[in-house]
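Single-structure report; data block below.
The values are calculated or read from the model by the stated rules, or taken from the named source; none is laboratory data. The structure displayed is predicted, hence computed values, not measured ones. With ideal geometry, Cβ positions are generated from the backbone for all residues, glycine too; neighbour counts draw on all protein chains shown. Remember, those area values only see protein heavy atoms, side chains included, never the ligands or the DNA or RNA. Shrake-Rupley method; radii C 1.70, N 1.55, O 1.52, S 1.80 Å.
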Amino acid sequence: MDLSIVIPLYNEDESLRELTEWIHKVVTDNNISYEIVFIDDGSNDNSWQIIEQLSSEKYNISAVKFRRNYGKAAGLQSGFTVAKGDVVITMDADLQDSPDEIPELFDLIKNKGFDVISGWKKKRYDPILSKNLPSKLFNFAARVMSGIKLHDFNCGLKSYRSSVVKSIEIYGDMHRYIPILAKNAGFKKIGEKIVIHQKRKYGITKYGMSRFVNGFLDLISVTFMTKFAKKPMHFFGLLGSLSFFVGFGILVYFSISKIFFQLYNMTDRPLFYFGLLSLLFGTQLFLTGFVSEIVSRSSSDRNDYIIEKEIKF
Ligand code: UDP
Ligand code: MG
């Protein structure tokens, strides 16, 4: 199978039929063999009934329904395990992403050698204040912290080589950072394509401003995890030692002053307290490093290398 289109959805019954017909038309016109993988993220409208109905018709549909709402990342992750195509495209169910983009997204992976192509909604049709501006800031931070030059990490429309989605695992709200996880897993050709974006036609958005706050916190965790999760001591140990020795140095200085130069009023000196704090803080960081190291040693995926090729005798 050429292509799996993974679509997480939560209460989107109004758009599913239109979306399915449109995708079916575009991909069959381009002679791409496909499946649509719907993940019903615990909808409480008629989404699942419509999916059942569609799957009994001419469309190639695989689908999963969660018992409750788990969030978009869980939906995508479950879709990735189900997907059988050589190329996996993710898109939103609300018709904001256009199925007309599929052939080109597919081609970039299949024939142009890209591992990941991220959609870029250059012209957006979302409210300026609640979405566009925060989104710009957010993307800027993500670019700086990850070193990946993408304009639109949030875009739901992305295209992957199958091995990419099979070698990463997303949870929480981490769906925005798949390109970062992919880069960390050794996939180098990460590109971008400007895509058409449309106003939401049916239903309502499932996210508000909170996404940017949470998104930013997630960005910090992702950056930390990709750099230090397997060697926490390199992070905590370095900071801890620095802080410890600064504090230690200061206290040695005060001790010498007191013993040899009769300095009596050292508690009047702000530096004294700084040294004390610095010493304590350093010790704490260092111990945190030890504990994290033990946690990461005992984690089941402490060896998370991915084999690209293999010769067997
Ligand atoms: N979605 C989901 N689970 C959730 C929230 C959203 O599967 O808990 C789906 C939603 O149905 C849609 C996609 O994720 O297909 C993007 O959500 P939405 O359109 O609300 O986000 P926006 O376009 O406003 O960023
Ligand atoms: Mg949307």
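Here are the numbers:
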item: Approximate spin-label separation residue 86-residue 310, in nm, with each point projected 7 Å along Cα-to-Cβ; result: 2.2 nm
item: Accessible surface of the stretch 118-186, 1.4 Å probe, proportion on carbon and sulfur as whole %; result: 62 percent
item: Structure-based [θ]222 nm, the chain - -39500 (n - 2.57) summed over DSSP H runs of at least 4, per residue, nearest 500; result: -15500 deg cm²/dmol
item: Mean accessible surface per residue for the chain, computed with a 1.4 Å probe while every protein chain stays in place, in Å²; result: 55 Å²
item: Kyte-Doolittle mean at least 0.0, axial Cα span of 24 Å or more - DSSP H helices of the chain; result: 210-228, 232-261, 270-297
item: Neighbourhood charge, 15 Å Cβ-Cβ cut-off, centred on residue 239 and excluding it, Lys, Arg +1 and Asp, Glu -1; result: +1
item: Mean separation of Cα contacts under 8 Å, 6 or more apart, over the residue count of the stretch 50-147: relative contact order %; result: 12 percent
item: Tensor-based shape of the stretch 86-242 (alpha-carbon gyration tensor, a/c under 1.5 rounded, otherwise prolate or oblate); result: oblate
item: Hypothetical label at residue 25: residues of the stretch 89-131 whose amide nitrogen lies under 16 Å (7 Å Cα-Cβ projection); result: 95-103
item: Global geometry of the stretch 186-313, whether rounded, prolate or oblate, following the gyration tensor of its Cα atoms and the 1.5 cut on a/c; result: oblate
item: Gaussian network model of the chain, springs between alpha carbon atoms under 10 Å - residue of 259, 50, 170 with greatest fluctuation; result: 259
item: Neighbour net charge for residue 187 - beta-carbon separation under 9 angstrom, K R +1, D E -1; result: +3
item: Cα centroid separation, the stretch 147-167 to the stretch 59-95 (Å); result: 15 Å
item: Anisotropy class of the stretch 93-168 from Cα gyration tensor, a/c 1.5 cut; result: oblate
item: Restricting the stretch 209-268 to chymotrypsin sites (Phe, Trp or Tyr not before Pro) in coil, as DSSP defines it, with at most 16 other Cβ within 10 Å; result: 264
item: Value of relative contact order over the chain, rounded to a whole percent, pairs C-alpha under 8 Å and six or more apart; result: 17 percent
item: The stretch 153-270, relative contact order in percent, only Cα pairs under 8 angstrom and at least six apart counted; result: 19 percent
item: Listed residue pairs exceeding 23 Å between alpha carbons, taken from 65/193; 136/199; 121/206; result: 65/193
